[in-house]
Amino acid sequence: MEGAAYTLALTGDPALGRELERIAGLVIACQQKDGYINTQAPPNRRFDPAINHDLYTAGHFFEAAAAHYRATGKPHLLDAAKRWADYLIAEHRAGNPYFETAGRKEHSEYELGLLRLARATGEARYLDFSKTLARLIPVGRELLAGRHAVRVNYLLTGYADLFLETGEEEWIRNLTAVWDEIVATRSFVTGGVSVHEAYQKEPHWLPQSTDHPRRDIAETCTSISLAMFAWRLHSMTGDSRYFDQIERILYNHYLGAVSLDHLATFYYNPLRMLAETKGKTDHDGPLTRRTRLPEIHSTACCVTNEWRFFGALSEYLFSYDRDGLYVNLYTGGSVRQKLASGAEAAVRVETRYPHEGRIRLTIGGEKPQRFALRLRVPAWCASARLRAAGGPPRAVPGGSYAVLEQEWKPGDRVVLDLDMPARIILPRPEEKENAGQAVLARGPLVYCLEQVDSRFPIAQARLNLRPEDAARRVKAHWRQDLLEGVYVLEAPGVAGPLTLVPFYARANRAEDNRWLTFLPLNSQR
């Protein structure tokens, strides 16, 4: 419902609006007289300590209700959310023992949902209750010692949102330290996190797949929740590194979970898929292929999380402060934003990113306006050039925002060119599982070798080049006929040339898929 509300707000699609109202009505009809809602059938019961999802489910409903109200102005879903929240507050005040273990057992998300309910209604009691529940789990590095990764990320997102709402130092303490630890020691090259759905107790344990019969690496939900956390950290700081991670997640892990036709999804996203699949499943389906609608996984969080993130994604593209506009992610689109300075920032973006590195921006509006235009130059980019309003190009460094502050006239143009040679990503020395191997990348895209593109078993594949020679020896070719249009990489291999495709596009051409992301590296010419 939340994702549908975002999409309805953008498109005004009447058929979508009718379907959203139909589903909303079904859920509201399940509400009990005391305000409690549970759409599960008996014998499941409220506050079940064997399930520990009551607050989590409520949090998602509160987010959906806030999004629905924002999109439609209709109060019925928001009113139902208020009744449910008031019931939870009353149960907490009455000493319901469920709350005694909620900090250890519940699935975080309720902190964020209550805060959004407070914003939508203006009712301070929901903000206060969000604080009360958030304090059940203090934030520190100990969160990464084997705890459920999605729960941790939602908790961190809730803390960040509480700081943005209140400015109280209690909520920002340790946030950046935990973030730094996640990105530096527990993130895969595709931006995904989690092993067996948890943060690894030991840093730098980043297996490409595991032998566990039911769980594998990089649950799709973890990437979405981590992107939500990163977005809020960027709102606090304006630091481009948070969108570097969002971009890595978006173009590799997240889009890699979803099929190109958007009708199938992976719950887990291993970097290596060879023959070690016997007895292993992707939540009731084989790890080698996505689960395809109308079938869904036995746990339905990932596919619905994908839908709501798609709906909310336009809000990530641009952000602003008093003096100017940030362009965070590059895609075709436009924005018009009134700034506190009194200026109106209007910009249209044209690009084929992430396939190509040229971004054209055109200033809109009706009259000259003075504001700062901040263009993110990704950290992966070793060479970038910026040309503004017909002036000479100048080099700009990667890993920061290139800032242009001036009076802009309607029709002024800015061009940002990000060089995209192929490059090799080497694992850190601490990553023992990936020693002696390397990943090929181009721009923000990580590449992989699929069996369908190889004449020999890909388990025998080895790269035959030095890392510093990748830009010269690895060739990129546009294939409009392949995977809805991709640049493939042709790389020298020990047994012959290797053809690699973007990781996001893997597993779209066969039922029994095989792929490698890390390849053994023969460093000889």
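Residue pairs exceeding 30 angstrom between C-alpha atoms, taken from Lys105/Lys278; Lys280/Lys432; Lys201/Lys475; Lys131/Lys432; Lys74/Lys338: Lys105/Lys278; Lys201/Lys475; Lys131/Lys432. Whole-Hz Karplus values for segment 430-445 come out as 6, 7, 4, 5, 10, 4, x, 10, 8, 10, 8, 9, 8, x, x, 9 Hz, taken residue by residue from phi with 6.51 cos²θ - 1.76 cosθ + 1.60 and θ = phi - 60°; glycine and proline positions read x. Measuring between their Cα centroids, segment 164-230 and segment 11-49 lie 31 Å from each other. Computed 3J(HN,Hα) for segment 480-496, one whole-Hz value per residue from the Karplus formula 6.51 cos²θ - 1.76 cosθ + 1.60 where θ = phi - 60°, is 5, 7, 10, 6, 6, x, 9, 7, 8, 10, 9, 10, x, x, 4, 9, x, glycine and proline marked x. For the pair segment 85-107 / segment 340-382, the C-alpha centres are spaced 46 Å from each other.
Of the GluC sites (Glu not before Pro) in segment 93-169, the ones in a loop by DSSP (not H, G, I, E or B) with at most 16 other beta carbons within 10 Å are Glu123, Glu168. Three principal axis extents of the chain based on alpha-carbon atoms, in descending order, are 72, 65, 45 Å.
Cα extents for segment 174-312 along the principal axes, largest to smallest and rounded to whole angstrom: 44, 35, 21.
Placing pseudo-labels 7 Å out from each Cα toward the beta carbon at Glu468 and Val403 gives an inter-label distance of 3.5 nm. Across the options Gly365, Ser334, Ser319, the greatest Cα extent toward the positive end of the charge dipole of segment 314-371 (unit charges at beta carbon of Lys, Arg, Asp, Glu) belongs to Gly365.
Mean separation of Cα pairs under 8 Å and 6 or more residues apart, divided by the residue count, gives segment 275-345 a relative contact order of 16 percent.
Taking the square roots of 5 times each eigenvalue of the Cα gyration tensor of segment 1-137, largest first, gives ellipsoid semi-axes of 26, 17, 13 Å. Once backbone amide H atoms are built at 1.01 Å from N, Gly493 has Asn464, Leu498 as its partners under 5 Å, excluding neighbours fewer than 5 places away on the same chain. Working value for segment 244-349: equivalent-ellipsoid semi-axes of 38, 14, 10 Å, each the square root of 5 times a Cα gyration tensor eigenvalue, largest first. Show me the helices of the chain, taken as full DSSP H stretches, that run 18 Å or more along their long axis by Cα and average 0.0 or above in Kyte-Doolittle hydropathy. Length and hydropathy pass: 14-28, 149-166, 220-237. Sequence-ordered 3J(HN,Hα) estimates for segment 354-362 from the Karplus curve with 6.51, -1.76 and 1.60 and θ = phi - 60° stand at x, 6, 10, x, 8, 10, 9, 10, 10 Hz, glycine and proline given as x. Of all aspartates and glutamates in the structure, those lying under 15 Å Cα to Cα from Lys33, and not within fewer than 8 positions of it along the same chain, are Asp79, Asp86, Glu91.
Here, each number is a calculation from the coordinates, and none is a lab measurement. Quantities reported herein were computed from a predicted structural model and do not represent experimental measurements. Virtual Cβ from ideal backbone geometry, glycine too; neighbours counted across all protein chains shown.
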